[in-house]
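Following: one structure in structure tokens, then a few remarks.
Just so you know, all these numbers are worked out from the coordinates, no wet-lab data involved. Values in this document were obtained by computation on a predicted structure and should not be read as measured data. Every residue, glycine among them, receives a Cβ derived from its backbone with ideal geometry; neighbour counts consider all protein chains shown.
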Amino acid sequence: MRTTIDSAGRVVIPKEIRKTAGLSGSAEVEIDIDDDGVITIQPAPSKVRLVKRGRLLVAEFDESVPKIGVEEVNAITKALRERKIR
């Protein structure tokens with residue numbers, strides 16, 4: 001999919017890709033370039049802190065993170081397995 005870079009260096013990520021990646025207008029992303037000049041943009045990892053609850057350590061997100069269902073977990077697992085096979 002093609003997009004453009006404006007004079008300020010901003011890249012518009014098409015709506016369908018933002019939706020698939022779960023990116024909102026204020027989402028943080030990480031951008032990198034490898035030795036071959038390939039640029040990658042991916043969602044930044046969520047900020048997590050460990051909080052002691054009773055005898056357990058529980059991960060708490062610093063921002064609101066939507067819950068995902070079983071179907072989405074299964075689809076992600078399947079996609080990762082297929083990627084690993086290739």
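Listing for the model above:
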| read-out | value |
| --- | --- |
| Student exercise, the range 15-61 dipole from Lys, Arg, Asp, Glu Cβ charges, in Debye to nearest 20 | 720 |
| Stokes-Einstein D in µm²/s, Kirkwood radius over Cα pairs - the chain at 25 °C with 0.890 mPa s viscosity | 150 |
| Hits among lysines - C-alpha to C-alpha of K19 under 30 Å, sequence gap 8 or more where chains match | K47, K67, K78, K84 |
| Which of T40, S24, V58, positive extreme of dipole for the range 15-61 (C-beta unit charges) | V58 |
| Against the rule of thumb 2.2 N^0.38 Å, how large the Cα Rg of the range 15-61 comes out | 1.68 |
| Sites S64 and I85, calculated FRET efficiency, Cβ-Cβ separation with R0 35 Å, nearest 0.05 | 0.50 |
| At R0 = 41 Å, FRET efficiency that the Cβ-Cβ distance of E72 and S7 yields, to 0.05 | 0.60 |
| Packing-based exposure ordering (other Cβ within 10 Å, fewest first) of E28, E71 | E71, E28 |
| Charged-residue dipole, Cβ positions (Lys, Arg, Asp, Glu), the chain about Cα centre, Debye nearest 20 | 540 |
| D62, D35 arranged by Cβ crowding within 10 Å, fewest neighbours leading | D35, D62 |
| 3J(HN,Hα) from dihedral phi, the range 63-72, Karplus parametrisation 6.51/-1.76/1.60, rounded to Hz, x for glycine, proline | 10, 5, 10, x, 7, 10, x, 4, 4, 5 |
